[in-house]
1. Any idea how many residues of the stretch 75-112 are in a strand (DSSP E or B), among the β-branched types (Val, Ile, Thr) and modelled with pLDDT of 90 or more?
2. Yes or no: TYR142 touching a residue at least 12 places away in the same chain (Cβ under 8 Å), in a strand (DSSP E or B) and either hydroxyl-bearing (Ser, Thr, Tyr) or open to solvent by 80 Å² or more (accessible area, probe 1.4 Å) (or both)?
3. What are the residue pairs meeting all of these: first residue in the stretch 57-76, first residue surrounded by 12 or more Cβ atoms within 10 Å (Cβ to Cβ), second residue part of a helix (DSSP H, G or I), Cβ atoms under 7 Å, and 6 or more apart or on different chains?
4. Among the residues of the stretch 29-50, is any modelled with pLDDT of 90 or more, open to solvent by 90 Å² or more (accessible area, probe 1.4 Å) and under 28 Å from ALA176 (Cβ atoms)?
Amino acid sequence: MSLDETVRVVEWNDQADWPLCPSIGRSGLTFEVGPCPWGCLEPELFQQSRRLVMALLDYVEKHNSLVASGSPTRQEVSMKVFRSIGVSIDYPRAGEDPVGHVHPALQGQDFRELQEGDPIFMTFDGEEMTFDRKAHKVPEKYERVYALFVNEAAYYEKKVALMLMSCGEATFSKLAS
């Protein structure tokens, strides 16, 4: 059972020169909750974030107490982890000017698997543009890819309409209670 079934784990540390807090510190962590418009407080997202932070602090305290006791035991746990594949996709453009937007079927669908031919953009004239593994330079070793940060306002100026992720099981060692 999970504290929050909507939580997804994303691992960034395999990316070279990724200057974000989770990759700089030995045990960095970021809670990414959203989407939430800049400068707004979304009550549900605030409460979710608070519950997660409090649970994390409880875990850290329990972890430290077990370590201080001198005889902590470890157990392995597995979970689904998303990892960046180093591919981002820009909005459709004519030169520097955008000529389309994220397709309505993809909007709000972070962590959705993308398959060949899925609509990902729509031009301002209403023409659908589809996902094409070759055109979007998806390395062949990734059989399945997932969309993340779909239409995220913070990435618009960086010309990123969405990032592509892989997903797999990861095993971690944690202190047993």
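The values are calculated or read from the model by the stated rules, or taken from the named source; none is laboratory data. Note that the structure is a prediction, hence the values are computed from the model and not measured. Using ideal geometry, Cβ is built from the backbone for each residue, glycine included, and neighbour counts are taken over all protein chains shown. Note: areas computed on protein heavy atoms with side chains; ligands, DNA, RNA excluded. Shrake-Rupley method; radii C 1.70, N 1.55, O 1.52, S 1.80 Å.
1. Restricting attention to the stretch 75-112, the residues satisfying the condition of being in a strand (DSSP E or B) are 75-89, 93-94, 97-98, 100-102.
Subsequent filtering for residues that are among the β-branched types (Val, Ile, Thr) retains 77, 81, 85, 87, 89, 102.
Of the ones still in play, those that are also modelled with pLDDT of 90 or more are 85, 87, 89, 102.
Counting residues in the stretch 75-112 that are in a strand (DSSP E or B), among the β-branched types (Val, Ile, Thr) and modelled with pLDDT of 90 or more gives 4.
2. Numbers: touching a residue at least 12 places away in the same chain (Cβ under 8 Å): yes; in a strand (DSSP E or B): no; either hydroxyl-bearing (Ser, Thr, Tyr) or open to solvent by 80 Å² or more (accessible area, probe 1.4 Å) (or both): yes.
Criteria not met by TYR142.
3. Within 7 Å, the pairs are PRO72/LEU66.
4. Scanning the stretch 29-50, I find at least one residue that is modelled with pLDDT of 90 or more, open to solvent by 90 Å² or more (accessible area, probe 1.4 Å) and under 28 Å from ALA176 (Cβ atoms), so the answer is yes.
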